[in-house]
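In what follows, a structure is listed as structure tokens, so that the remarks can point back to it.
What follows is calculated from the coordinates using simple rules that are stated; it is not laboratory data. Keep in mind it's a predicted model, so treat the numbers as computed, not measured. Cβ sites come from the backbone with ideal geometry, for glycine too, and all protein chains shown count toward neighbours.
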Amino acid sequence: MALFYQGRLSNGMRLVIEEIPSVRSVSLGVWINTGSRDESERTNGMSHFIEHMMFKGTDKLSARQIAELFDGIGGQVNAFTSKEYTCYYAKVLDEHFNLALETLADMLINSKLSSDELAKERKVIIEEIKMYEDTPDDQVHDLLASTIFPNHTLGYTILGSESNLLSFTREDMVDYLKLHYRPDNMVLAIAGNVKADDAHKAAEHFFAGLSGSRPVIQQVPPVFHANKQIRKKSTEQAHICLAGSGFAFDDPSIYPLILLNNIVGGSSSSRLFQEIREERGMAYSVYSFYSSYRDGGTFGVYTGTSPEQAQDAICLLGQILSDLADKGVTAEELKKAKDQVKGSLMLSLESTSSRMSRLGKNELLLGRQVTMDETVRRINEVTLEQVREVAAKVCGGPMALAAIGPFEELEYPMN
């Protein structure tokens, strides 16, 4: 049976551990409460750039040695940046836990941020931006964010711009790290075959060099805007997103929204998949999605279709959402969605990586752990009326439209 442990290191870093003695792996992640939302127009892209630089060498290890260390023990190490947080994580055999933890701590505390590595990695990320420009099915989601939040940092891209990257100096990075990479702004999450006491002692030792506290930063809540942006681009497909206002991650309505998302476009039996792909053959890729932030969120749908069908696809998407707002969902759909969501959650228990991610996100975003039993109970308690109320709100309100394709205009009634 898995055992939970929560505590703090003496420097203020939060620690959450799930002991799972039945496995031979350990997943560990350092979650930092900063992302593109915390940037300014001039520093947009800094969080992601720093994430890359943490792998480029310390006083003890070069970039090559860091890579060879994890390869040599059959482990994995990586990182990602989101709009509201950054995570550095590793997965190793239990016997290599201390080595992995020591290396992650060394990377985060002692990265050299050398000028040579900074110049090389700047070019790497510029290539990443160019690659991203060639994936309009991803790019349309950033276009949607800037459409919905035109005057807010949630509308910023995570990668930033090439001009910003060229302007960043080592001093800019050091200043950003001093502001955000503070222990009281971090969570260390561990899941796997470890003893909590031993892990706590190891973390206390390896993160001892991290100190200071992050000043209180007042963030402006986002306001949803039902705008429209069309980006003309020579593509084979039209990439279309429609989205309405959603909920913050700690809003009680998030559970009905999760189930609604499953019903609308979360599986091959969902309404979008069946209507747009199976019945009409209009798209290969079609799905719904939701994004939840500290103080707001969105709910939307995406499809990729031929440019000639773009206008029809928008009208059809709008009609499906309108029907959901007016008529809600059926009891049969809700039951199936509950079973699918619970099944997916239970399957995720087999992965120490998934368990570590749950621990880290819950602690960082909610300040508490939401057990699997509580999650299942909350899902089971969702009523048909609650899902209908949420559907009326997120599908029946003003909608934002973002589209990329070989056209200059598409029509959709915003209200």
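Quickly estimate the mean residue ellipticity at 222 nm for the chain, helices only: each DSSP H run with n ≥ 4 gives -39500 (n - 2.57), and the total goes over all residues, rounded to 500. It would help to have the intermediate numbers written out before the result.
Details: 14 runs with 173 residues, N = 415.
It lands at -13000 deg cm²/dmol.
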Item to check | Efficiency of FRET from Cβ geometry, residue 345 and residue 41, R₀ 30 Å, rounded to 0.05 | outcome: 0.15
Next on the checklist: What do you get for the angle between helix 352-361 and the principal long axis of the chain? Use alpha-carbon atoms, 0 to 90 degrees, nearest ten.
Outcome noted: 80
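Can you tell me the length gained on complete extension of the stretch residue 408 to residue 64, counting 0.36 nm per residue apart and subtracting the Cα distance?
Working: separation 344, 0.36 × 344 = 123.84 nm, distance 4.69 nm.
Once the chain is fully extended between residue 408 and residue 64, it gains 119.1 nm.
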Checklist entry - Straight-line reach from residue 60: which lysines have Cα under 23 Å away, leaving out those fewer than 8 places along the same chain? => result 91, 112, 120, 178, 201
Checklist entry - If the cut-off is 15 Å between C-alpha atoms, which aspartates and glutamates fall inside it for residue 195, apart from same-chain ones fewer than 8 positions away? => result 18, 19, 94, 95, 204
Checklist entry - Can you list the lysines whose alpha carbon sits under 23 Å from that of residue 232, skipping same-chain ones fewer than 8 residues off? => result 130
Checklist entry - For the charge dipole of the chain, defined by +1 on Lys and Arg C-beta atoms and -1 on Asp and Glu C-beta atoms about the Cα centroid, which residue among 157, 213, 406 has the Cα displaced farthest towards the positive pole? => result 213
Checklist entry - Where does the stretch 124-239 land on Rg(C-alpha)/(2.2 N^0.38 Å)? => result 1.50
Item to check | Low-density loop positions, trypsin sites (Lys or Arg not before Pro), the stretch 4-79 - DSSP coil, at most 14 other Cβ in 10 Å | outcome: 24, 42, 60
Checklist entry - Based on the mean of other beta carbon atoms within 10 Å per residue, what is the order of 293-305, 189-201, most packed first? => result 293-305, 189-201
Next on the checklist: Nothing charged except the Cβ atoms of Lys and Arg (+1) and of Asp and Glu (-1): what's the magnitude of the dipole of the stretch 169-285 about its Cα centre? Round to the nearest 20 debye.
Outcome noted: 460
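Residue 278 to residue 384: extension gain in nm, 0.36 nm per residue of separation minus the Cα-Cα distance?
Length difference between fully extended and current span is 35.5 nm.
What does the charge count around residue 212 come to, taking other residues whose C-beta lies under 9 Å from its C-beta (Lys +1, Arg +1, Asp -1, Glu -1)? Before the final figure, lay out the partial values.
Working: positive: 178, 182, 214; negative: 184.
Value of the local net charge: +2.
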